[in-house]
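Here is the structure we will look at.
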Amino acid sequence: MFLRKGMILVVLIVTGVVCVYAADITGKWTAEFDSQVGPQKYVFEFKVDGTNLTGVAISSIGGVEAKTQLKDGKINGDEVMFIEPLNYQGMELSISYKGKVSGEQISFSRTVGDAGGEQFIAKRAK
């Protein structure tokens, strides 16, 4: 009985520590990179609540701007992941992002549907 209560306490403490050490990336982040469809500019507006990540991606591709709500966002320590369900020229694309936070920047890799993807750096907007 004591061992069981002790294990539950350890699990709760470890879970709390993971939440405490999740990077707080709440705010605006900017990125520019080349892609298969040309140069792209992004503004990400993130909000972190524990390990949940929500927000929007504002993209500018070839002069066309889109604002998309992020889905399935998670943050675990310095690791970030989310999906951008983008409608690009009438095509529904699911863009998966994985990133690693390091100070005032996030190193991202993204996969566009079943096609290739890009790697880029997003920087915290000042």
- Residues within the stretch 53-70 that are out of contact with any Lys or Arg (no Cβ under 7 Å at 6 or more places or on another chain), in a strand (DSSP E or B) and surrounded by fewer than 17 Cβ atoms within 10 Å (Cβ to Cβ), tallied: 5
- When residues of the stretch 25-52 are limited to those that are part of a loop (DSSP other than H, G, I, E, B) and within 17 Å of residue 72 (Cα to Cα), the one nearest to the chain's Cα centre (by Cα): 25
- Output the number of residues of the stretch 74-107 satisfying the condition of being closer than 14 Å to residue 29 by Cα and at pLDDT below 95. 1
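The values are calculated or read from the model by the stated rules, or taken from the named source; none is laboratory data. As the structure is a computational prediction, the values presented were derived from the model and not from experiment. Cβ coordinates were reconstructed from backbone atoms using ideal geometry, including for glycine residues, and neighbour counts include every protein chain displayed.
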